[in-house]
Every structure is written in structure tokens, then in C-alpha cells.
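The values are calculated or read from the model by the stated rules, or taken from the named source; none is laboratory data. Quick caveat: nothing in here was measured; it's all calculated off a predicted structure. Neighbour counts are summed over all protein chains in view; Cβ atoms, including those assigned to glycine, are modelled from backbone coordinates with ideal geometry. Note: areas computed on protein heavy atoms with side chains; ligands, DNA, RNA excluded. Shrake-Rupley method; radii C 1.70, N 1.55, O 1.52, S 1.80 Å.
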Amino acid sequence: MADVILVLNAGSSSIKFSAFDVESDELELVTHGQVEGLFSAPHFIAFNANGEKSAEHSWGEGAKLEHADAIAHLGAYLRGHGVGHRLIGVGHRVVHGGARFTKPVLTSPEVLDELDKLTPLAPLHQPHNLTPIRIVAERNPGVPQVACFDTAFHATQSPLAQAFALPESITKNGVRRYGFHGLSYEYIASALPDIAPDAARGRTVVAHLGNGASLCAMHAGKSVASTMGFTAVDGLMMGTRCGNLDPGVILYLLDELGMNARDIEDLLYRKSGLLGVSGVSGDMRALLASGDERARFAIDLYTYRIGRELGSMSAALQGLDAIVFTAGIGEHSKEIRQRVCEQAAWWGIELDAKANESGGPRISTTSSKVSAWVIPTNEELMIARHTLALIEDWREGASA
Ligand code: ADP
């Protein structure tokens, strides 16, 4: 009977899942999919290892599905389709590990209580990430679960890189830069030695450009700085998030425009970025296809902001040897990669147009001073690896 690890990535309205066979040399994907639209129009879809659809179900417009119901549906799917598979552990993506959890951890009621306390630092994500851990613990009390944190990879940053210039009375509450997308960066760091050994050893900026977007400055595979800070709204312009903003703007919104905290949250997280600036869409594909002048301006601002922040990350690294593109836009948009590389031409990046067209992995010329790469990320595999490693340690500990 093959053993599998289930990876869950739960948000406010969706649960993404992947199951990996642990018997193979490298963890092998068995099935993946998601339940989305939990509270509007729930829809379940799953794919097999070849990317073919293996199941689909809709609950209809206006239906509401609690996270527990979605997980029950997922469990039934896995049992039905996973004949011969035995669930040995569940790994979860958890956005915030705070100052204490700088590595993945086996969950327990005590650990969950600690993670609950971090909810004020990530109110939009943390509670939804923790809910499935409790649900699985209730239904499958014998199955070990592992929480993997988006912040953990950045724990190697220096106190300087983590600090805000605020009084200690404020920073002692945990108000500092944490950085996010850490599981993606960790996966890239693990893939670099095989694909680009010099970039793995050197000063590399990884651009995770998805709906959320950030840059990570890595030296020899360790995080030195990141554009995201206390929350995942900082740094680059994103699909619907604004990125860097003068804090004075928030005071203006409060005092002069009469907005309250929730209005401002909605503005900064859901109505800004590509969507807010273009007024057309927060989806890069739609903007690239649009003839609208505001869509063009939004793309200009998007790439300009990456160029500026690339300068900041490179300064933190005291130089630049390589840049790596990943996530939806980074992996699939040759146009955005080209524009970012053009912005950064002064660094000595020379794009190989043909290689960029075909998607890399190397997209810079051999004479380029700074090399450029496209590497697809795989956060789920990273979570599965951590989960397996902790379960093996735990089993060894239990049998010692
Ligand atoms: P998430 O952060 O939600 O995981 P993704 O990493 O899937 O998101 O990235 C989503 C973004 O990638 C969207 O803006 C989407 O338009 C963009 N994207 C996906 N494919 C392409 C493409 N071929 N060209 C341009 N943008 C693309």
C-alpha cells in the first residue's frame, strides 16, 4: 500500500490541495485540485498526475460550504480515487510563524494556540490557514500534521533588514519586517544548485510575480532582504494590492476622506494594484491583451516598481549576479520578463530574446554580466518535503 502526504493551502474562500506519493525517490504528485468559491458558488475540481481532470462538482450559485464540508468532500474524493493509498501526514501552508516558528513544526493544541496569537499580524490569512489543521485533527487524530510558514525562510535576515524605524514600545509587539512567499523562495533555492550553480552560490534576486508579488534578495541561497515586510501588502505593485505606500496616505484617507480601517484594508488589498490603476483588471493576461491606455500605464508602473525594488534588493546584496523569475507572471509572461530585464539593463543584464520566448531556464546571453532565469516554483512540493522530513524524525523519535 503506497503512502501519501496531503498538502493543504487554505484561504478565506478556497482550499487548494495536492497529494504526493512518498514511495517514489522524489515525492511524486498523485492528484491536485481545489475547492473554490466556498461562500458564493462552491466548485470542486481535481486533476490526476497527468493534469487530466479526475473529478468535478458544483454546489450551485449562492450555496455556502464551510471549510469542514469542503474537507469532507475532499476526503471522500481521496478515498474514492486513492485506492491503495494510505495517508501518513498532512502539510499545511501557514502564512505567519512570527518570531518563534522559523522552521516547519508538527502541530499540537499548544502550537495551534501560539499560531492563533499571530492572527492580528495576518488577519486575512492566518485563521483560514489554521482551520483545516483543527478539522483534520478532529477527524483523523492519529495523522501527524505539519505547519509550514511563509515567513520562515526570511528568518536568516539581519536585525537591520527586519527593523522598522519605530520606537521599541511599538516594535516589541512584533511590529517588524517578516517577508512572505518564503516557501516559494525556499523551493527556488533548492532548485538553483542544479539549474544555475553560480546563482545558487552568488547574489541572486528572485522575483515571485503571481497575484501576490515580491522580490527576495538571496546570498548563497539564504534570504538577506525582501520587499514584503510586516504584511503581504508591502513592496511591489500586485494584482489588487498597492505595495509600497507613504504611510501619510493612510492618515489622509482616515482624516480627509473619512475612510475607516476596514475601508482602507479593502482599498489597499483588493482594489489597488493592477486592478486599481488600470480600472480594467487585476489579471496580467487581461491587461496585456487590453488596448486601454490605463492598462498600459498599469503595466508600466508594475515593471517600473520592480526595477526600483530590484535596485534596493541589489544594494542589500552589495551587487547582483543573477535574477530569477517565478510564479504565474514570472513563469509565463515573456513580455514582462523582457521589460524587467530592459529596466535592469544598466546592471549588465543582456536578454536572449529567443530563450526568453521559449521560457528558459536561462534567458540571458552567455556574455550577460548578470544572468537571468525562469524557474517554475513549487510551494506544494516544498511543503510535502518538510512534512515528510518531520514525520520521519517523529517516527524515529517515537521508536527510539
Ligand atoms: P497566485 O499568486 O494566486 O498563485 P499565480 O502565480 O497563478 O497566482 O499568478 C497569477 C498571475 O499570473 C495573473 O496575473 C495571471 O494573469 C498571470 N499569468 C498567468 N499566465 C500568464 C501569461 N501567459 N501571460 C501573462 N500573465 C500570465
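Taking Rh as the Kirkwood radius computed over C-alpha pairs, what is the Stokes-Einstein D of the chain at 37 °C in a medium of viscosity 0.692 mPa s, expressed in µm² per second? Rounded to a whole number, D works out at 148 µm²/s. For region 167-248, the solvent-accessible area works out to 36 Å² per residue, with a probe of 1.4 Å and every protein chain left in place.
Magnitude of the Cβ-charge dipole of region 222-345, K/R +1 and D/E -1, about the Cα centre, nearest 20 debye?
Working: 13 positive and 16 negative charges, 73 e Å.
With only Lys, Arg, Asp and Glu charged at Cβ, the dipole is about 340 debye.
Could you please state, rounded to a whole Å, how far the C-alpha centre of region 333-400 is from the C-alpha centre of region 1-44? Going from one Cα centre to the other spans 23 Å.
Relative to the longest principal axis of the Cα atoms of the chain, helix 126-139 runs at roughly 10 degrees. Dipole orientation for region 164-274: of the candidates Tyr252, Leu267, Ile170, Ile170 has the Cα lying most toward the positive pole (charges on Cβ; Lys, Arg +1; Asp, Glu -1). Rounded to the nearest 500, the helix-only mean residue ellipticity at 222 nm of the chain stands at -12000 deg cm²/dmol, with each DSSP H run of n ≥ 4 adding -39,500 (n - 2.57). Between 0 and 90 degrees, the angle of helix 293-317 with respect to the longest Cα principal axis of the chain falls at about 90 degrees.
Between Glu293 and Ala220, the distance separating the two model label sites (each 7 Å from Cα on the Cα→Cβ line) works out to 5.3 nm. When the solvent-accessible area of the chain is split by element, carbon and sulfur atoms take up 53 percent of it, the probe being 1.4 Å.
Leu27 contributes an accessible area of around 20 Å² to the protein surface, as traced by a 1.4 Å probe with all chains present. Backbone amide hydrogens, once placed in the peptide plane, bring Val224 within less than 5 Å of Ala217, Met218, His219, excluding anything fewer than 5 places away on its chain. For the chain, the antiparallel share of DSSP beta bridges with both residues in that region comes to about 65%.
Under unit Cβ charges (Lys, Arg +1; Asp, Glu -1), what dipole magnitude, rounded to 20 debye, does region 248-293 have relative to its Cα centre?
On the way: 4 positive and 8 negative charges, 40 e Å.
The dipole magnitude comes to about 200 debye.
Close amide H pairs (under 5 Å, H built 1.01 Å from N) link Ala163 with Arg177, residues at least 5 positions away or on another chain.
Estimated at the nearest 10 Å², the accessible area of Glu357 is 120 Å² with a 1.4 Å probe.
Given R₀ = 41 Å, what would the calculated FRET efficiency be for Ala398 paired with Ala261, taking r from the Cβ atoms and rounding to 0.05? Walk me through the numbers on the way to the answer.
Numbers: r = 47 Å, r/R0 = 1.14.
That pair, Ala398 with Ala261, gives E of 0.30.
A straight Cα-to-Cα reach below 21 Å connects Lys117 with the lysines Lys103, Lys172, residues fewer than 8 places away in its own chain not being considered. Positive end of the dipole of the chain (Cβ unit charges, origin at the Cα centre): among Val324, Pro376, Ala55, the Cα lying farthest that way belongs to Val324. Accessible surface area normalised per residue over region 312-400 is 48 Å², counting heavy atoms of protein chains with a 1.4 Å rolling probe.
Scanning residues 5 or more positions from Val94 or on other chains, those with amide H under 5 Å from its amide H are Cys148, Phe149, Asp150, with H placed 1.01 Å from N in the peptide plane.
About the Cα centre of region 1-102, how large is the charge dipole given +1 on each Lys and Arg Cβ and -1 on each Asp and Glu Cβ? Please answer in debye to the nearest 20. Don't skip to the answer; put the middle values down first.
Numbers: 7 positive and 12 negative charges, 79 e Å.
Here region 1-102 has a charge dipole of around 380 debye.
One decimal place: the segment Ala165-Gln318 gains 52.9 nm when fully extended, by the rule 0.36 nm per residue minus the C-alpha distance. Rounded to the nearest 10 degrees, what's the angle between the helix 261-270 long axis and the longest principal axis of the chain, both from Cα atoms, 0 to 90? Between helix and principal axis, roughly 80 degrees. If R0 equals 41 Å, the separation of the Cβ atoms of Glu357 and Lys64 corresponds to a calculated FRET efficiency of about 0.35.
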